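Take a look at the structure set out below.
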Amino acid sequence: MRATRRDVLAGLLVSSGVAASAGSAESQERLTAEQLACADDLLGVDYSSGEIEQMVTGLDDWAGNMARLRAIEQPNTLQPATVFDPRQPGTAYTFPEGGAALPPDEVPALPLSEVGIAFAPSWQQAAWLRAGAISSRRLTEIYLTRIDTHGGRLECFVTVTPQRALTDADRADAAFARSEIASPLQGIPYAMKDIIDVAGIPSTWGATPYRDRVAVDDARVASALAEAGAVLLGKSTTGAIAYNDLWFGGLTRNPWNPAEGSSGSSAGSASAVAAGLASFAIGTETLGSIVSPSHRCGTTGLRPTFGRVSRAGAMALCWSLDKIGPITRSVADAALILDAIIGHDPNDASSLDAPFGVDWTAEPANLRVGFLPAAFENASVPDRAMLDAIRAIGCETVELELPDWPFGALSAVIEVEAAAAFEDLTLSNRDDELRWQEPQAWPNTWRRARFRSAVDYLNVDRFRREVCGLMHDLFQQCDVIAGPNFAAGMLLISNFTGHPSLVMRSGFTERTLNPLTASGQQAGEEIHRLPYASSLWAPLFREDRLAVLGRAIESRLDVARERPGAFS
């Protein structure tokens, strides 16, 4: 009798060392030929009975080797030997140098209200600090008070560190008194996403199994910000294991509509910055975790070129995709923060030595801006407004086209890498402790990943290299690409190719409660006026183009200064 599909799944689970679920062949010791024959459809192969018989013994050997391997500790910090490099072979890259200085714009007077001070962009706060118009301690106390007042409603901080913050602020003020300035960020208060370690402070990864985890060492990005003189307010919430906005202690809220989630997984970082509870925040992105919450909350996010910012000391989700970048209220702020956190780090196998600089006097009209006409066919009013602003600035626009390739196949990389990074949760059944248990949530995708063929996975990775070449060729036709955040597959494509992205507010839209929120609430009928963001993409290492063009668009659209009413 031919084995059923349930039998083959149970057998494959046994052979791969995964505990079988109730009702399956939990007690069987080895995979049978009958079960393996039933796997033909699952794996997309057609083997003869003789070939299948030959395979059974080899698979038993494989299962034994895997059992021995699992006896060896493989912490989350252990990176694979195969390292992704986004650079095209044989291509020479140019790196803008000189760092990022404060923009040359006229600095307004210090606002009379603390709300006005709190919502000011970081670059203006930096100018006031240098001029002595405000102290870092006062600026920090303003934010700590706002966190105490509003943080609970938004559920955007998991840990607040007032004593650490005031100590950092006093240190910055003492440096200003000595006319010592480490960087434009000196004295500026910020929030750190809770998957990035700061020594002695909880780093819970947003997940119940790790809620008591306390960091032993500083992540490289944390030490870089400390060297820059920035002031740590605390740890902003992250969706559990860097996915969505649902974490072990709550659901992070959108300040523009607290009835919905902030999106994620840099949920608390975007929510806190949008509500004026921090001057800036650090987020991470694997596939949309800076872009999506910035889109929802109306913040500015800069996802750097893969390898520019060290991930050492940050939770690993997908070693070939994870990136760290700033979330801010202005484009200039994003460039200043990127400048502070870049740099080669031998503790991150993917780290690249790539200098950064931005010339604020560069003429944005000299940039050729590509766009995908298909992405704008049903684009929103803000997306079209961004493209109109680009043309009004004087940029030449270039129509681009993507081939009809199966870009969605790339998502296998995320499932497989994440499943490997958190295999211990799957094998111990502690994935049941995670609050989100939908088909698209981590526990299910990790289980599903174990049925992906290693051969298929490697061929997807080869396809990824081809997609990198495609993006390289697109940027031979233009200097920057502009478009809707989620249209035409650009979010997925650019994350997998490692290209930098700037997401920025381009206007407002009227809509119901977002049905994607992990709260489970229904959309309802009530209409809300909410911020809307669009994206720019640049060639590898050319974040300076994003900063120059982004600032020009920001100025022309003039929609970034509006604040969420309930928090202003």
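Annotation: amide H of His528 within the under-5 Å range of Arg511, Thr512, sequence separation 5 or more or interchain, hydrogens built in the peptide plane.
Once you have the Cα-Cα distance between Arg368 and Val398, take 0.36 nm times their residue separation minus that, and quote the gain in nm to one decimal. Could the numbers behind the result be given before it?
Details: separation 30, 0.36 × 30 = 10.80 nm, distance 0.69 nm.
Using 0.36 nm per residue and subtracting the Cα-Cα distance, I get 10.1 nm.
Magnitude of the Cβ-charge dipole of the chain, K/R +1 and D/E -1, about the Cα centre, nearest 20 debye? The dipole of the chain has a size of about 1140 debye. With 0.36 nm allotted per residue and the present C-alpha distance subtracted, the Asn378-Gln74 stretch has 104.8 nm of extension available.
What does DSSP give for the chain in terms of the percent of beta bridges that are antiparallel, rounded to the nearest 5?
On the way: 33 of 48 bridges.
Around 70 percent of the beta bridges assigned by DSSP in the chain are antiparallel ones.
Taking amide H atoms as placed 1.01 Å from N in the peptide plane, the amide H of Phe422 has no partner under 5 Å among residues 5 or more positions away or on other chains. The angle between the Cα long axis of helix 5-15 and the longest principal axis of the Cα atoms of the chain comes to about 80 degrees, rounded to the nearest 10.
Please work out the FRET efficiency for the pair Glu562 and Ala182, using the Cβ-Cβ distance as r and a Förster radius of 35 Å; give the result to the nearest 0.05. Present the calculation step by step, with values, prior to reporting the outcome.
Details: r = 33 Å, r/R0 = 0.93.
Efficiency at R0 = 35 Å is approximately 0.60.
Axis of helix 411-421 versus longest Cα principal axis of the chain: the two differ by about 80°, to the nearest ten degrees.
Remark: accessible surface ordering of Ser113, Ser269, Ser179 (largest first) is Ser179, Ser113, Ser269, probe radius 1.4 Å.
Roughly how many debye, to the nearest 20, is the charge dipole of segment 137-176 about its Cα centre, given +1 on each Lys and Arg Cβ, -1 on each Asp and Glu Cβ, and no other charges?
Working: 6 positive and 6 negative charges, 10 e Å.
The calculation lands at about 40 debye.
Protein heavy-atom surface of segment 20-149, 1.4 angstrom probe: 52% of the accessible area is carbon and sulfur, with nucleic acids and ligands not counted. Placing unit charges on each Cβ (+1 for Lys and Arg, -1 for Asp and Glu) gives the chain a dipole about its Cα centre, and among Ala389, Gln88, Ala312 the Cα reaching farthest toward its positive end belongs to Ala389.
At the residue level, His472 shows approximately 50 square angstrom of accessible surface with a 1.4 angstrom probe and all protein chains present. Each of the peptides 251-258, 391-398 was scored by the mean count of other Cβ atoms within 10 Å over its residues; in descending order, highest first, they stand as 251-258, 391-398.
Considering only protein heavy atoms, with the full assembly of protein chains and a 1.4 angstrom probe, order Phe95, Phe376 by accessible area, largest first.
On the way: Phe95 65, Phe376 15 Å².
Ranked list, largest accessible area first: Phe95, Phe376.
Give me the percent of accessible area attributable to carbon and sulfur for segment 205-320, probe 1.4 angstrom.
On the way: 1000 of 2060 Å².
The computed percentage sits at 48.
Between 0 and 90 degrees, rounded to the nearest ten: what's the tilt of helix 136-154 against the longest Cα principal axis of the chain? Its long axis makes an angle of about 50 degrees. The label point for Met66 and the one for Gln88, both projected 7 Å from the Cα toward the Cβ, are 3.9 nm apart.
Return the loop-located chymotrypsin sites (Phe, Trp or Tyr not before Pro) in segment 446-478 (DSSP other than H, G, I, E, B) with at most 16 other Cβ atoms within 10 Å of their own Cβ; answer none if there are none.
Qualifying residues, ordered by number: Phe451.
The residue list Ile553, Asn459, Trp256 was ranked by how far each Cα lies along the charge dipole of the chain toward its positive end, using unit charges on Cβ atoms, and Trp256 comes out on top. Each of Asp212, Asp456, Asp461, Asp40 has its accessible area taken with a 1.4 Å probe; listed largest first, they run Asp212, Asp456, Asp461, Asp40. Amide hydrogen proximity for Glu260: with H placed 1.01 Å from N in the peptide plane, the residues at 5 or more positions away or on another chain lying under 5 Å are Asn254. How would you classify segment 458-568 from its alpha-carbon gyration tensor, with a ≥ b ≥ c the square roots of the eigenvalues: rounded for a/c under 1.5, else prolate if a/b is greater than b/c, otherwise oblate? Oblate, because a/c is 1.5 or more while a/b does not exceed b/c.
Gain on full extension, evaluated as 0.36 nm per residue between Ala175 and Ala454 minus their Cα-Cα distance, stands at 95.0 nm. As a rough guide to protection, the peptides 330-341, 153-164, 428-439, 270-281 ranked by mean Cβ packing within 10 Å, highest first, stand as 270-281, 330-341, 153-164, 428-439.
How do 494-500, 346-352 rank on mean C-beta neighbours within 10 Å, highest first? Provide the component values of the computation, followed by the final result.
Working: 494-500: 25.1, 346-352: 17.6.
In decreasing order of mean packing, 494-500, 346-352 become 494-500, 346-352.
A dipole drawn for the chain from +1 and -1 charges on Cβ atoms has a positive end, and of Gly489, Ala169, Trp442 the residue lying farthest that way is Ala169.
How much of the DSSP bridge set in segment 186-284 is antiparallel, in percent, rounded to the nearest 5?
Approximately 40 percent, going by the DSSP bridge assignments.
Contact order for segment 373-521, expressed relative to its length and based on alpha carbon pairs under 8 Å spaced 6+ residues apart, stands at 35 percent. Probing with 1.4 Å while keeping every protein chain in the model, the per residue accessible area of the chain equals 41 Å². Placing dummy labels 7 Å off each Cα toward the beta-carbon, the span from Leu112 to Leu470 is 5.7 nm.
The values are calculated or read from the model by the stated rules, or taken from the named source; none is laboratory data. Because the structure is a prediction, the values reported are computed rather than measured. Quick reminder, even Gly has a Cβ in these numbers, built from the backbone with ideal geometry, and neighbours come from all protein chains shown. The accessibility values were calculated without ligands, DNA or RNA, using every heavy atom of the protein model including side chains. Shrake-Rupley method; radii C 1.70, N 1.55, O 1.52, S 1.80 Å.
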